[in-house]
Every structure is written in structure tokens, then in C-alpha cells.
Amino acid sequence: MRTEQGPLIRRDAYQPLAFGVETVDLDFILDPQATLVTNRMRCVRNPDAAAGPIVLFGEGLVLVSVTLDGAAPTAGQVRETGSGLEIDVDADEVLVEVVTRINPSANLTLSGLYQSRGGYFTQCEAEGFRSITYFPDRPDVMARYTVRLEADAATCPVLLSNGNLLETGALPNGRHFARWEDPFLKPSYLFALVAADLKALERKVDTMSGREVLLQVWVEERDLDRTAHAMDSLVHSLRWDEDVFGLELDLDRFMIVAVSDFNMGAMENKGLNIFNTKYVLANPDTGTDLDFENVESVVAHEYFHNWTGNRVTCRDWFQLTLKEGLTVFRDQQFTADMMARASDSPAAAESARAVTRIANVRGLRSGQFPEDAGPMAHPIRPDAYQEINNFYTATVYQKGAEVIRMIHTLLGREGFRNGMDLYFSYHDGQAVTCDDFVGCMAEANGADLDLFMRWYSQAGTPHLKAEGVYDAASRTYALTLTQHTAPTAGQADKLPLHIPVAIGLIGPDGADLPLQLEGEVRDGNTTRVLQLRSESQTWRFTGIDAEPVPSVLRGFSAPVILDIVEDDARLAFRMAHDSDPFNRWDASQRYMERVVLGLAAAHAAGKPMEVPQAFGLAFRALLVNETLDPAFLAETLALPSETYLLERMQPADPAPLRAALIHLMREIGHAMQADFLSRYLDLEVEGEYRYHPADAGKRALRGLCLRYLSAWGGPTAIDLALKQFEHATDMTERYGALAALVQSDAPQRFDALAAFHERYKDDALVLDKWFQLQAGAWRWSDAAPATLDQVRALMDNPAFSLSNPNKVYALLGGYFRANAAEFHRPDGAGYAFWAEQVIALNKTNPQVASRMARSLEGWRKFTPAIQAGIRAAFERVSAEEGLSPDVAEIVGKALA
Ligand code: PHE
Ligand code: ZN
């Protein structure tokens with residue numbers, strides 16, 4: 001095998017640098033091929049570090065000159081090390097000036113300084129700054145920045161950087177310049193500049209202390225009519241952080257910039273957030289309800305980073321979850337609050353919060369659980385990595401947020417807020433660790449979180465077993481919780497974790513019972529949090545008159561897999577009665593999982609697939625329940641994701657699973673056509689489109705009805721979808737109808753796809769939807785064209801480009817990640833195509849290549865025949881010369 005894996009970077013090897021940087025003065029003379037960067041750093045000896053040279057990292061730079069305090073260095077004083085420069089100095093302080101040349105037009109990695117549609121943009125997290133200039137490019141080096149940038153005035157009329165604008169002016173030869181100053185200390189990964197032809201939507205607001213601040217959303221002129229929602233979201237975020245955490249915007253100006261070529265969702269550079277267009281631009285004609293929701297939560301996420309990430313940052317990249325887990329938790333809470341606020345009753349608000357929670361957990365189960373069970377399994381604070389870019393993971397982000405949520409559950413709302421206040425009082429302006437954060441939470445509450453810290457060091461999804469025994473004679477119910485975590489890659493031994501488990505007991509009439517533990521007085525509570533701190537523990541509830549049905553892990557109080565034996569009748573009972581909306585949803589998901597996997601097993605054994613009648617009844621009872629919130633119902637009647645089901649199927653086998661899903665959707669659609677139809681008709685939203693949770697919920701349930709109906713495929717169903725497609729006045733309806741048609745056997749779907757393309761052929765973001773839909777299309781009959789052939793053909797569409805991440809994620813990602821049955825074709829052609837594309841992308845954009853490579857990392861869960869095909873594809877990529885460290889790490893771990 002030839003995969004050369006990079007050196008391993010270890011968390012326990014952390015050492016502070018001998019020299020930090022106090023101030024940085026950067027000067028950019030921007031040019032597509034030869035940008036000149038002059039960097040004047042005041043380097044200062046760190047009294048707490050071991051003696052050593054000044055260490056500067058640099059990658060792909062042409063070094064033009066170095067001076068020290070204005071003079072040329074002596075022979076041997078400055079050395080090239082392979083990863084940068086080392087400079088010997090005797091003094092405690094020195095002004096280092098480094099001049100370098102870079103070529104932004106040749107930079108296709110979208111890290112460092114690059115070009116997109118004629119403009120210049122930067123992306124520095126995690127280690128992009130070192131491909132702009134030589135610098136101690138680590139998050140524990142915090143400095144004050146001033147920046148001067150100059151560029152061609154006609155092509156780049158807008159010149160932006162972090163902080164406050166000091167000065168602008170014209171220069172000879174049609175050039176101009178701007179100078180910026182960031183008053184706050186920051187690590188280099190938060191540096192940003194933009195020079196491009198953009199226009200801004202602006203708004204002025206007063207912060208909680210009465211300071212007026214200028215908010216701007218910068219986009220290309222043609223996109224100005226899609227910026228209002230991002231601006232509203234920014235204002236909501238600003239207010240929420242003031243109200244909930246007492247955190248105020250600290251700058252006079254806060255800018256969001258949209259860019260079409262971007263590897264990730266968005267980036268929280270100080271005062272100058274740079275966003276993938278996908279998470280800024282939305283108007284009713286081009287964005288769905290989901291797009292509006294995503295824009296709102298990503299704007300919030302980046303804005304919240306200003307305190308959790310920027311004011312207090314990470315000591316090293318192993319601490320990434322310090323800022324990401326916490327900030328994801330904050331944006332999830334924000335979304336839940338926004339949803340609840342728009343509700344018209346307390347019950348509706350509770351349901352709206354549950355809908356947000358359900359979406360979080362769906363993401364965790366289909367994105368993070370597989371990661372935690374595969375070769376890339378790592379604790380939320382990893383111990384080692386080869387390429388840091390590979391660790392912007394579902395584990396660090398989503399599981400990290402679950403860990404913060406557990407702290408919130410254990411300490412309560414106020415206790416958590418007190419911990420946050422203490423964290424900022426101790427660490428504002430510092431680069432710190434996860435221990436510092438949890439330490440503040442513990443100290444502010446007098447709580448013991450030592451055992452809890454294991455969540456930071458242990459990988460793998462714990463299994464939580466719940467077993468109840470009712471004793472009629474003593475009227476007691478004993479609930480035993482037992483935890484077990486299976487070994488994960490590189491971590492064989494697991495210890496018990498501190499797990500908060502919210503539970504309730506449901507009486508035979510469907511009502512919650514008051515909970516009274518042996519030896520306690522009854523307080524009337526019907527949900528309480530049990531704290532499991534050892535491998536197994538039993539709780540005895542008293543005064544229970546009849547055998548209850550336990551509702552365990554309410555609200556998904558911990559990121560675990562709940563193993564509980566429940567027969568069909570009990571699941572149906574909880575689907576009808578669980579007072580915890582999350583668990584009510586979960587009961588339905590568990591029942592569906594059981595039914596789908598049962599059908600798949602029957603199919604694989606050559607037996608007929610029969611949908612259990614009791615399941616149909618439980619499903620229908622919810623479908624016709626008009627007292628339930630439509631958004632909640634849309635979640636509850638939607639099948640678990642295929643990715644999650646594959647994770648639950650042993651061994652995973654995509655073909656029978658797909659057959660089962662198709663069969664189930666058709667059967668339900670057919671059997672309940674009248675109910676789907678009447679709900680569909682009743683749920684029509686009157687009036688002009690507005691993004692509002694109540695309307696979005698109705699549209700979501702309506703869309704679900706349409707999908708079941710078109711899966712069945714009767715002429716009335718297809719007619720309905722075609723009518724909705726033709727008469728839709730917003731993207732949610734138009735795209736919903738198209739998706740229903742594409743996820744069916746209706747021959748009209750091809751014309752609909754063509755019409756959609758014709759209408760939006762110049763609209764990059766809408767075309768992404770069009771690509772993605774086709775990549776994810778199921779084959780409802782043998783007559784349908786093979787998805788792989790479609791995907792290959794779509795790569796030749798003029799709008800497709802391998803150098804645009806959004807296009808790659810939509811088309812290739814759509815196929816590799818969201819179409820298991822088509823991707824895992826028995827002939828292995830899907831894998832050959834995967835290898836081809838990973839190899840091609842590796843040459844231009846390693847981060848995107850690595851993300852695509854990761855779509856097969858869970859390969860060992862599949863049947864032996866499937867594994868053989870995937871192994872061959874991994875070996876082919878592994879044999880490739882010049883693999884980036886990003887791809888090499890993934891392939892190496894997958895084959896290990
Ligand atoms: N820090 C960004 C966020 O989560 C994500 C990101 C990482 C963007 C690396 C670009 C590069 O908000
Ligand atoms: Zn983030």
C-alpha cells in the first residue's frame with residue numbers, strides 16, 4: 001500500500017511557543033497572479049514558555065525578504081524548516097518584517113487567499129493563514145491587527161477586513177486602498193479580507209447599552225433581493241444573545257459577506273463573517289422553508305461565535321468543541337426559542353421546541369452515530385489527528401453540542417448562565433481549553449463534574465439499557481438503567497459515563513403518573529432526571545397502582561442508543577399517549593424502524609412483504625389527528641432516514657432496505673389515500689408566502705402527504721403533484737411538488753425536471769437543488785434509468801463544476817451519501833465512480849475530496865460482498881501518487 005499518512009499531532013504534546021505576537025500590520029497589494037503581502041509583526045518572548053527561536057509557519061509562499069528591527073538578518077539567523085521559518089533572537093522583543101508573494105488565482109483549495117467570480121476572499125480556519133504569510137499560525141497566539149489592502153478599483157470596488165474602517169483612498173492606475181483596524185486581540189484563524197464587486201443591505205440598530213451599530217450583508221448586486229431574511233436573522237441573533245446571555249455586540253460594525261465558492265457553511269471571522277451563499281441568500285421564489293430555517297440558524301451560529309470562539313478562543317485545535325459544541329448548542333437553543341416565540345399557546349410552544357429538538361436528533365443519529373461507530377470514531381476532544389481539517393466533524397459539532405446540553409440539563413438554566421458568566425469573567429481575551437470551560441460550570445454551581453469529563457475523552461455511542469419491574473404487592477416500580485459502550489477504533493476500554501436520563505411513567509389511561517422515589521416526598525413532577533453514574537443502577541418508584549409504561553430519555557437527554565424492550569402494542573400506546581413530544585415522535589420512529597427492517601428481512605429471504613395492520617392503525621390515528629401541530633406530525637409520520645436505518649441493520653444491505661422503503665411508502669400511500677388527500681386539501685396556506693413556523697409546519701405536512709400519495713402513484717396523486725408544481729407561487733411548494741414527482745414512478749417527472757431547469761438555469765443555488773434531487777432519486781421500477789448514468793451525464797451540464805463545492809456536495813454528495821441502494825450497485829460501478837472523483841478532487845481541493853472520501857468510511861457494516869467491492873475502491877485511491885494528507889488520513893484509517 002502506498003498511502004503515506006502525515007505525522008500524528010498529539011494533544012498531550014502541547015507546548016506554548018517561545019515567542020508570541022503583540023501587533024500585526026499587514027499590507028496586501030492584490031493581484032490575481034502575484035499578490036504581495038507585507039507583514040510586520042512585533043514578536044515578544046513568552047515568559048511562561050521554554051526558550052527557543054521565533055517559529056513561523058508558512059505554506060506555498062514565495063519569500064521575498066525578511067528584516068529584523070529594520071535590518072537584514074545575520075547569516076543563519078533565519079532558517080527555512082520545511083514547515084516555515086525559525087528565527088534566532090536574543091532580545092525579548094523584535095519587529096519582524098516578512099514580505100511574501102502568493103498566487104490567489106491558482107489557489108483552488110479555497111483555503112488561504114483565493115478568487116471567486118473575480119473577487120478576492122480569504123478562509124483561514126484552521127491553518128489557512130500560513131498560506132498567506134509566515135506567522136505563528138496557532139490559535140493560542142493572539143494579536144492586534146491592522147490591515148491595508150489595495151486592489152483594482154473597477155473590479156474590486158469594495159475592500160473589507162476585520163474591525164473598523166480607518167481610511168480609504170484612490171491611487172494611480174485605477175487602483176484604490178482601504179485601511180482597517182481590529183481593536184480586539186484575535187488568533188490568525190479569525191483574520192479575513194474581501195476585495196470584490198459587492199453591494200450591501202444595511203441596517204442600524206442599538207445594542208443593549210444603547211450603542212448604535214451598523215449591520216451589513218454584502219452580496220453581488222443581482223442577489224440584493226435575497227438578503228432581507230439574513231439581515232432579520234442577524235438582528236434576532238443579536239437580541240437573543242443580549243436577552244439570554246447578556247452578551248452584547250462589541251464592534252461598531254458587523255459584516256456578513258456571501259461567496260459562491262466556499263468549502264463549509266460559513267466562517268466567524270471577527271466582524272467580517274464570510275458565508276457560503278447557500279446560507280445567506282433566500283427569498284420566497286428561490287428558497288424553501290428549510291433554506292430560510294438554515295439561513296437563520298447559520299447566521300445565528302456565526303454571530304454567537306463572536307463571544308464563544310472569538311472573545312474566548314481555543315488554546316489548540318484539539319479544543320475545537322470548546323467553541324463549536326457550545327456554539328451549536330447556542331444556535332439550537334436560539335432556533336427553539338424563535339419557534340416557540342412564534343407559537344400562540346404554551347402547548348404549541350412546547351411542540352415547536354420539540355420539532356427543533358427532533359431535527360437536531362435526526363441529524364445526530366444519521367450523521368454522528370455512524371461516525372462514532374466507524375474508523376474515524378473520536379472523542380469530542382480528540383487525542384490525535386493527522387489533518388485538522390478532517391476533525392470538523394459531526395462528533396465535535398453535534399455530539400459536542402449534546403455534551404453541553406447535558407451540562408445545561410444537570411445545572412439548570414440559571415446554573416448554566418452563571419457558569420457562562422464566570423467563564424467570560426475569567427477567560428475573556430484568552431485561548432483556553434475544554435477543562436477551563438467545564439471548570440467554570442462546576443465552580444459557579446458547586447457541582448462535581450469530574451466524572452462528567454469522560455464525555456470529552458471517550459469515543460463511541462453508549463448503549464443505555466432500561467428494564468422495569470412492577471411489583472403489585474408493594475405498588476412499586478423498579479427501573480434499572482445499565483450502560484455499555486463498545487470499543488471504538490484505537491480505544492478498546494470504556495468506562496461508565498455520567499448520564500442524565502429524563503424519564504416519565506405513563507399510567508394505563510395514558511396519563512403521566514406523579515413520580516415518587518422510595519424515601520422521598522411526592523412533589524407532583526411527572527418527568528425527572530435520573531443521574532446514572534455507574535455501570536448500572538436501580539431506582540424504585542412507589543405508590544404505583546398498576547404497571548406503568550416507562551418513557552425513557554425524554555427530550556433525548558443524552559446522546560445514547562436506548563435499548564428497551566417494547567412490543568408493538570406498547571410503541572403504539574406511546575405514539576398515542578406519551579406526553580413528551582420528543583418521545584412520542586421517537587416511539588413512532590422505533591415502530592417504523594421495526595416495520596421497515598422486518599419488511600427488508602422478508603424481502604431478502606424471498607418472502608412477500610406485509611405491512612402489519614396494527615402499524616397502519618397507529619400511523620393513521622396520528623395522520624387524522626387534527627389537534628396535533630402539523631410540523632410535529634410531519635416529523636412523526638416521516639420515515640427514519642435511510643442512513644440511520646442502514647446503521648441499525650445488521651449487516652447493512654441497501655438493496656432490500658430500499659425495496660422495503662418503496663413498498664412501505666406505496667402501501668401507506670395507497671391504503672390511506674383518502675386521509676392524505678383530505679389533509680392535503682385542508683392544509684393549504686392562504687395568502688402570500690411568509691417564513692413563519694406555523695405556515696412552514698402546514699407546508700411540511702402537506703408536502704409529506706403529497707410524497708406518500710405520489711409514492712402510491714395513482715392518477716389523482718400525480719395530478720395533484722403536477723398541479724402544485726405548475727401553480728406554486730413559492731419555492732417550498734414548487735420544489736416540494738418536484739421532489740414528490742422525482743420520488744415516484746410517474747413518467748411526467750422528466751418534463752417537470754426539464755421545466756424546472758429551464759426556469760432556473762442561471763440560478764446556481766436553485767440548480768444545486770435540481771442536481772441533488774436527481775442524484776438522490778430512487779428507482780421505483782426497473783424501467784427507471786440508472787442513477788449513476790444520470791449523475792455522470794449531469795457532470796457534463798454547463799452549470800456543473802468540480803471546483804465549486806456546492807455543486808460537488810449536491811451532485812456527488814447527493815449520490816454517495818443520500819442514495820445508498822443506487823450507489824451500492826452490485827456491479828461495483830458506483831465505487832469505481834467514487835474512486836475516480838475522489839482522485840480528481842484530491843488534486844484541486846483536498847478538503848472537499850476528503851469529505852467525499854468519507855462517504856464510504858462506514859464500509860465494514862455492510863454485507864461481505866459489498867465490503868469486497870468497497871475495499872477495492874479504497875485500495876485504488878490508496879495507490880494513487882500524491883494523495884493529500886486529508887484524503888490519506890481517511891483512506892488509511894478506513895483500511896487499517
Ligand atoms: N468555524 C466555522 C463554523 O463552524 C466552520 C469552518 C471551519 C469554516 C473551517 C471554514 C473552515 O462556524
Ligand atoms: Zn462554528
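No value in this document is a laboratory result; all are computed from the given coordinates. Keep in mind it's a predicted model, so treat the numbers as computed, not measured. All Cβ positions, even for glycine, are placed from backbone atoms using ideal geometry, and neighbour counts span all protein chains on display.
Between segment 424-495 and segment 684-704, what's the alpha-carbon centroid distance in Å?
With segment 424-495 and segment 684-704 each reduced to a Cα centre, they are spaced 40 Å.
Can you tell me, using C-alpha contacts under 8 Å and at least 6 residues apart, the relative contact order of segment 1-197 as a whole percent?
For segment 1-197, the relative contact order is 22 percent.
If packing is taken as the average count of other Cβ atoms within 10 Å, what order do 126-136, 281-291, 483-493, 111-121 fall into, highest mean first?
Packing order, densest peptide first, comes out as 126-136, 281-291, 111-121, 483-493.
Using Cβ counts within 10 Å as a stand-in for footprinting exposure, how do SER710, SER209, SER803, SER579 rank, fewest first?
Lowest count first: SER209, SER803, SER579, SER710.
Taking neighbour Cβ counts within 10 Å as the exposure measure, how do MET208, MET41 sort from fewest upward?
MET208, MET41
THR155 label point, 7 Å along Cα→Cβ, cut-off 13 Å on backbone N: hits in segment 177-200?
195-197
Using the Karplus equation 6.51 cos²θ - 1.76 cosθ + 1.60 (θ = phi - 60°), what ³J(HN,Hα) coupling, rounded to whole Hz, does each residue of segment 830-841 give in order, writing x for Gly and Pro?
Residue by residue, segment 830-841 yields x, 5, 4, 5, 4, 4, 4, 6, 4, 5, 5, 5 Hz.
For segment 865-881, in order, what is each residue's ³J(HN,Hα) by Karplus, 6.51 cos²θ - 1.76 cosθ + 1.60 with θ = phi - 60°, in whole Hz (x at glycine and Pro)?
5, 5, 4, 4, x, 6, 4, 4, 5, 4, 5, 5, 5, 4, 7, 6, 6
Nearest 500 deg cm²/dmol is fine: what mean residue ellipticity at 222 nm does the chain get from its DSSP H runs of n ≥ 4 alone, each adding -39,500 (n - 2.57), divided by its residue count?
-12500 deg cm²/dmol
Subtract the Cα-Cα distance of SER781 and GLU59 from 0.36 nm times their separation in residues, and report this length gain in nm to one decimal.
Going from the current span to full extension adds 254.7 nm.
So what is the relative contact order of the chain, in percent, for Cα pairs below 8 Å that sit 6 or more residues apart?
Averaging sequence separation for qualifying contacts and normalising by length gives 9 percent for the chain.
Taking amide H atoms as placed 1.01 Å from N in the peptide plane, list the residues 5 or more away in sequence, or in a different chain, whose amide H sits under 5 Å from that of GLN430.
Those qualifying (amide H under 5 Å, at least 5 residues apart or on another chain) are THR313.
Cut-off under 23 Å on the C-alpha distance; same-chain residues fewer than 8 positions from LYS186 excluded. Which lysines are left, in chain and number order?
LYS270, LYS323
For VAL469 and ASP523, FRET efficiency with R0 = 35 Å and r from the beta-carbon atoms, rounded to 0.05?
Here the calculated transfer efficiency is 0.90.
Which cross-chain or sequence-distant (5 or more) residues have an amide H under 5 Å from the amide H of ARG253, H modelled 1.01 Å from N in plane?
LEU214
Work out from phi, with θ = phi - 60° and the Karplus expression 6.51 cos²θ - 1.76 cosθ + 1.60, the ³J(HN,Hα) of each residue of segment 365-382, listed in order in whole Hz, and give x for Gly and Pro.
Each residue's phi maps through the Karplus curve to give 5, 8, x, 8, 4, x, 4, 6, 10, x, x, 9, 3, 8, x, 4, 10, x Hz.
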